[in-house]
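Since every read-out is calculated from the coordinates, none of them should be taken as a lab result. Fair warning: this is a prediction, and the values are worked out from it, not measured in the lab. Methodologically, a virtual Cβ is constructed for each residue, glycine included, from the backbone with ideal geometry; neighbour enumeration extends over all protein chains shown.
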Amino acid sequence: MSAALRTQVGQLARRSVLRTLRQPAQIVPALVFPLFLLAVNSGGLKDATSLPGFPTSSYLTFALAVPFMQGALFSVMNAGTDLARDIETGFLNRLALTPLRGAALLSGLLAGAVVLGLIQAVTYLAVGLIAGAELAAGVPGAVVIVALAVTTTVAFGTFGLFAALRTGSGEAVQSLFPVFFVFLFLSSMALPLDLIQTGWFHAVASANPVSYLLAAYRSLLIEGWDLGALALGFAIAAAVLAVGMFAASAALKTRLVRT
Amino acid sequence: MADESRERAGIEVEGLVREFKNGPRAVDGIDLRVAPGEIYGFLGPNGAGKSTTVLMLTTLLPPTAGTARVGGFDIVGEGGRVRGAIGAALQEAALDPLLTGREHMRLQTALHGLPKAERSERSTELLARVGLSEAADRKVGGYSGGMKRRLDLALALVHRPRILFLDEPTTGLDIQSRTALWDEVARLASAEGVTVFLTTQYLEEADALADRVGIIDHGRIVAEGTPAELKAEIGRPTVEAVPRDPGDQDRVARALRPFGEETRASHRTGASVRLEGGESQLADVVRALDAERIAIEQLQLHAPSLDDVFLAKTGRSLEGAGEEEAEAGSEEMEALRA
């Protein structure tokens, strides 16, 4: 990476992080809403642990994987809305008049998602453990959970950037949020895949990549070290990141029509 | 073109056209030349094609046809070099409300590749020049419209551009902020030799600042020249006298008649003529009225304005045209955003 590109990425990342930290309205809902759902689900669905084959006696531990995914979905909205605002206000035109490179813009914008992902992951994990969840993989497992959460948050954030660049509208980006949430509900969010009895739901959840991301978190929380589940989780996060970056880069070329 | 020639190059535009899909022909074959160090005022109502022209000349919008060289570089083939030579404050003061003025400067100086040691010094210097030193560490969300425009100007200057594009820089500003911005733009041109391409819908702005003015309407340049030349094309000034006693209206008209053709007075009891000998006849007019012993309540000299020029060239007033074409302008911006 050239010195100029490093400077561009660094400066835009700094701006993205400052923006994120200066908008409590972005951070607070992304922390509170998933933790609220965790409290409701772990209280209401705790009897599910008595199902034969349920992997743990603590539904809280099982459900703790879900906030990491919900947090990643918030990054779609936050990263996308910030960029859409830059387009709407003309700030992107200001940047386009500098020798800025597209890669620097996208990487810099995602820096805010990294910080948000980090804050979210540490908070969810800390609150979960304080509430009594188990962490079978110990402290190294906690580090891997945070790493996976940040990767997933950034990966989903690229879809927010793509939507913003395609539409140029904050409202359009926000309308994506429920669509992404459907993916979460059609996954192994509430039950392990092998305990889902309804045929169509089992088929959809089995095909849904979110189920395997959840399995990666749960492997560390419930079992310890399942390298296969972890590798699949990281591979899916990397694949989502690659697809999202490709789509966002293509959309950026169309959006930045400078000659 | 040799580097030395480029250093002295301004703006050259030939047959520039921009058409939008399913939309209007926003710019319809314009030709213009702006000399280095000149302030060129691009005057027209909303939707006339001013902003579209600026977007093309700043490389943010490809032209449909025609050519343009800015700072000696072709806007299509050498976009990167054009951007290196220009600074621009576009129509909306595009600022991040969550960042401070100094943080904006830091970002802009870094993205323009200024050496790290120079960034802080340049930022401080420009913030002081636009009068934002005290507000530099406050978030821009709390700035007034005038402060935002001044920061916008400072940001456009960080890399010492030879050519500056200002798209309606004073729209919505109070008189004080407007005058401060005019002073700085005039200083940039006179003291630093910066070429300024300024779009405006304010007649007095073009009149006060521009060395030459181009009037654009429906995407075409309908008149071009110095403000004085354009006004001279329209004709001589008029003088209107309003007697203290309304019964003296005919006597006033008779006293004024030798000075030129009678024109329509704006005041109900006044009389008005076009001064065939120009403004220098005003003293003779006063003497003539005094000789007739007519008590005068108001005496007004009306010099031709750029609005008169616009009226003569397009058949309507610039003020009215602005409202009429605002809708067209918003359609144009929508097309740009799409």
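List of remarks:
- Most fluctuating residue given options A:154, A:40, A:146, as computed from a GNM of chain A linking Cα atoms under 10 Å: A:40
- Part-to-part distance (alpha-carbon centres) for region B:10-51 and region A:135-176, which is given in Å: 44 Å
- Selected from B:193, B:270, B:235 as most flexible by GNM, with chain B as the system and alpha-carbon contacts under 10 Å: B:270
- Neighbours of residue B:246, meaning other residues whose beta-carbon lies under 12 angstrom from its beta-carbon, give a summed charge of -1 when Lys and Arg score +1 and Asp and Glu score -1.
- Kyte-Doolittle mean at least 1.0, axial Cα span of 18 Å or more - DSSP H helices of chain A: A:24-44, A:102-131, A:138-167, A:227-255
- Think of chain A as having a plus end and a minus end, set by charges on the Cβ of Lys, Arg, Asp and Glu; of A:123, A:107, A:157, A:107 sits farthest toward the positive end of this dipole.
- Computed helical MRE - 222 nm, chain B, DSSP H runs ≥ 4 contributing -39500 (n - 2.57), nearest 500: -11500 deg cm²/dmol
- Compared with the rule-of-thumb size 2.2 N^0.38 Å for a compact globular protein, chain B has a Cα radius of gyration ratio of 1.18.
- Short-range pairs are left out: with C-alpha atoms under 8 Å and at least six residues apart, the relative contact order of region B:236-302 is 48 percent.
- Take B:300-307, B:147-154 and order them by the average number of nearby Cβ atoms within 10 Å per residue, most first; the result is B:147-154, B:300-307.
- Length-normalised contact order for chain A - Cα pairs under 8 Å, 6+ apart - percent: 26 percent
- Antiparallel %, DSSP beta bridges [both residues in region B:140-269], to 5: 50 percent
- The protein assembly as shown: C-alpha pair distances exceeding 46 Å, %: 36 percent
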